[in-house]
Structures are given as C-alpha cells and as structure tokens.
Amino acid sequence: METTPQPGSPPAPPESRTLKGGPLEGTELEGTASESAGLEGTELEGTASESARLEGASPENAPADGTGPPPFHGGPGQPPGAPGHKATNSLVLAILAPVSMHLTGPFAGLAMLLTYSDNGYSRTPWVAPFVLFSLPLLFAFLGLRLALPALKQLPRGSGSRSVAAVALCICGVVFALALGPALDLIGVF
C-alpha cells in the first residue's frame with residue numbers, strides 16, 4: 001500500500017525509466033521518475049478509492065446521514081433521452097396520429113360545408129383534407145423523427161426496436177392516407 005509523502009519529507013529516489021530486456025532494451029520512456037513521484041498521492045477526480053466507495057451505491061445502502069451518491073435517473077445505464085425512450089415516445093405519437101383524426105374530422109366537415117357551393121364546385125378543394133390531416137401528419141412526422149434514430153441505435157431483437165418498428169408502420173399508414181387526397185387534388189386519380 002502506498003502512502004502519501006509528508007510535506008517535509010525528501011522526494012523518492014529516482015527510478016530508471018528505461019526498458020530492460022527484449023528488443024526495445026535501453027529505450028528511454030517519456031516523463032521522469034521524479035514527475036511520477038511528485039504525482040503520487042495526488043487526489044484526482046474519479047480515483048480508484050472514489051470508485052470503490054461508489055461501487056454498489058444505491059438508495060438502499062446509502063448512509064443514514066443522507067450523504068451518498070445522487071439517485072439514478074432513467075434506470076441503470078440508460079441516460080434520459082436514450083433510444084428506448086425514443087421508441088416508446090414515437091409509438092405514443094404514432095398512436096395519437098390516427099386518433100387525432102377524430103378531433104379534426106368535425107372541423108374538416110365544417111370546412112367542406114363552408115368551401116363547397118350547392119352545385120358541388122369549390123375553388124379551394126384542398127381546405128377540407130388540409131384541416132383533416134393537419135394534426136395527424138404533425139404527430140406522424142414527430143413519431144417518425146423519433147422512430148428512425150431509435151431503429152438505428154437499438155440492437156436487433158430488442159423490445160424497444162420492435163416498438164419503434166410498429167410506430168414506423170403506423171406513421172407510414174397515416175402518410176399513405178394523407179397522400180390519397182393530395183394525389184387526387186393534383187389530378188393523378
């Protein structure tokens with residue numbers, strides 16, 4: 001066990017910093033023995049004593065006086081915003097996309113009544129589909145933005161990757177539903 005040198009004690013004797021034996025015999029190493037002797041006992045952030053103290057630290061075995069490591073957020077080994085959370089959030093947004101059509105549907109019906117005349121002609125036929133798909137496409141786009149990075153970062157076979165794949169499929173269906181009226185308005189159908 002090494003001890004910290006006292007402030008008044010003489011420095012440690014210099015050690016040889018050359019390699020002994022092998023093809024590199026006699027090669028001088030960088031730094032000097034006095035530099036390493038001067039650094040011995042210096043308390044650095046993240047030293048072995050600190051890591052040994054923090055090993056196994058959890059709220060259950062923390063000291064009673066309240067001094068201990070801060071609580072872990074996001075589970076063990078998973079920081080906030082990890083790919084697993086992105087996958088779950090993308091699924092929530094993907095589910096909200098078709099559900100939000102129930103919210104925008106009545107407004108799209110009102111927009112259709114206000115923009116079409118009695119003879120069925122409208123100068124602005126895009127308004128009703130725009131109102132109907134505005135909120136669902138927003139949710140689908142945000143779900144897509146979260147699902148794609150999650151699919152790239154998560155390992156194959158993980159549950160979160162499957163969740164992100166399901167979210168991607170739901171977002172694709174919403175985009176396909178919105179594409180039909182858009183293509184119809186430009187004359188493809």
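The numbers here are math on the coordinates, done by the rules we state, and not lab data. Note that this is a predicted model, so its numbers are computed, not measured. So basically every Cβ, Gly included, is an ideal-geometry build from the backbone, and we count neighbours across all protein chains shown.
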Using 0.36 nm per residue of separation minus the Cα-Cα distance, give me the extension gain between S134 and N119 in nm, one decimal.
2.7 nm
Counting only Cα, what are the radius of gyration and maximum Cα-Cα distance Dmax of region 89-189, in Å?
16.5, 57
What's the ranking of 99-111, 121-133, 141-153 by average number of surrounding C-beta atoms within 10 Å, highest first?
141-153, 121-133, 99-111
